[in-house]
Structure formats: C-alpha cells, structure tokens
Amino acid sequence: MKLHYSPNLGRLAKCSSDNCAFDEHFDTETMKRMSPVQLRGFPKVLKNSYLGISVEPAALAPALNQLKSAMTPKLFQQITQKKRERDGADAFHLTVITPPEFRKLKAENRLAFPDKPFTLELLGVGTASNEKSQSWFAVARSVTLDHYRYSLGLPRHDFHVTLGFTVADVHGVPKNETTLV
C-alpha cells in the first residue's frame with residue numbers, strides 16, 4: 001500500500017491515485033522485511049524515571065534498513081532526526097517499566113531488580129499514529145519481560161524500540177505485533 005506524508009496531519013495518509021501530488025512516500029510493497037533479532041540485556045534505571053534496556057544501534061540496523069527501504073530518503077531523515085533531537089544520537093532503549101509505574105513501585109517500595117538478563121526478540125517494524133503524529137518502532141517480544149512485569153503486579157506491556165516519528169512520539173496506542181507493516 002502506498003502512503004504519502006501529509007504535513008497538515010503530521011502522519012501518513014493513503015494515496016488516492018497513482019499520480020499522487022505529495023513528494024514523501026512510504027510504500028509497503030517495496031519494504032524489505034527483516035529477520036527477527038535476538039537480544040539479551042539487563043534493565044537499568046534510565047533518566048531517573050523508568051526502567052529500560054539500552055539497545056545498541058547495530059542491533060537495530062535490520063529494523064532501520066527495513067524502514068528505510070519503504071520511504072523516501074527525505075522522510076527517513078526527518079523522522080529519525082526528530083528521534084535524535086529527543087533522545088540524542090544513537091540512543092535507543094526498550095521501556096520495561098513506564099515512568100508512572102516506576103514512581104508507584106518506588107513509592108510502595110516494591111521495585112525489585114532482576115538478577116539475570118532478559119532475552120527478547122525484535123520482530124520487525126511497526127507503526128502507529130494519532131491525530132497529530134506518526135511513530136515507527138521495532139516491535140519486540142519477550143516472555144522473560146512479561147514474567148518480570150507480572151511478578152511486580154504490572155499489566156502486559158507492548159515492548160518496542162522507537163525508531164522515529166513525524167512530530168512527536170505516539171503514546172497510548174498498541175505497539176505490538178498487530179502494528180507490523
């Protein structure tokens with residue numbers, strides 16, 4: 001499916017014809033699918049406000065290449081630049097415990113750190129949008145992270161690593177296997 005970037009919406013919209021007037025496109029037909037990537041890591045406190053796992057840029061290369069294969073260079077540069085402005089160059093993470101959950105667990109003195117590393121699998125690129133922006137991310141799956149959250153009394157979480165976004169990151173929407181492009 002061919003989509004164009006709409007600056008008015010801050011996200012992608014479906015092209016209505018083959019002669020679309022917009023310059024920046026995302027074309028799922030040209031996307032090169034990535035093979036799943038296995039990662040291991042220990043979560044740590046990030047920005048003193050949440051628990052996450054730092055992910056090396058090299059581990060995300062397959063996801064970034066998948067994303068890059070389906071969009072114009074200008075759009076790819078734009079969305080990855082927005083993420084660099086927010087997080088810094090080559091800084092990627094997977095959130096394990098969100099800031100509100102972290103504050104609550106800390107206040108209740110229930111924040112326990114695991115003694116063994118987690119394993120997780122990056123499955124491919126997903127996308128989600130709201131009325132103002134569109135976000136792209138590497139969808140992740142981890143049974144060990146699911147069990148860890150469950151042991152702390154936390155609900156299931158859509159694990160992902162943000163790759164880029166048009167205006168701002170998108171929160172409060174699914175970022176799981178159903179969002180894979």
Residue identified as without any contact (Cβ under 8 Å) to a residue 60 or more places away in the chain and closer than 18 Å to TYR50 by Cβ among LEU152, LEU94: LEU152
Which members of segment 124-181 meet the condition of being in contact with an Asp or Glu (Cβ under 7 Å, 6 or more places away or on another chain), outside any loop (DSSP other than H, G, I, E, B) and not hydroxyl-bearing (Ser, Thr, Tyr)? VAL139, ALA140, ARG141
Return the residue satisfying two criteria in turn: it lies in segment 37-55 and is without any contact (Cβ under 8 Å) to a residue 40 or more places away in the chain and assigned to a loop (DSSP other than H, G, I, E, B), and of such residues it is farthest from the chain's Cα centre (by Cα). ASN48
Report, ordered by the first and then the second residue, all pairs with beta carbons closer than 7 Å, sequence separation of six or more or different chains, a first member in segment 56-69 that is farther than 23 Å from PRO43 by Cβ, and a second member that is assigned to a helix (DSSP H, G or I). LEU67/PHE76; LYS68/PHE76; SER69/THR30
Evaluate the following for ALA70: is it more than 15 Å from the chain's Cα centre (by Cα) and open to solvent by less than 50 Å² (accessible area, probe 1.4 Å)? yes
Return the residues of segment 125-181 that are β-branched (Val, Ile, Thr), surrounded by fewer than 13 Cβ atoms within 10 Å (Cβ to Cβ) and closer than 24 Å to PRO114 by Cβ; say none if nothing qualifies. VAL143
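The values are calculated or read from the model by the stated rules, or taken from the named source; none is laboratory data. Values in this document were obtained by computation on a predicted structure and should not be read as measured data. Neighbour counts run over all protein chains shown; Cβ positions are idealised from the backbone, glycine included. Accessible surface is based on the protein model in full, side chains and every heavy atom, while ligands, DNA and RNA are left aside. Shrake-Rupley method; radii C 1.70, N 1.55, O 1.52, S 1.80 Å.
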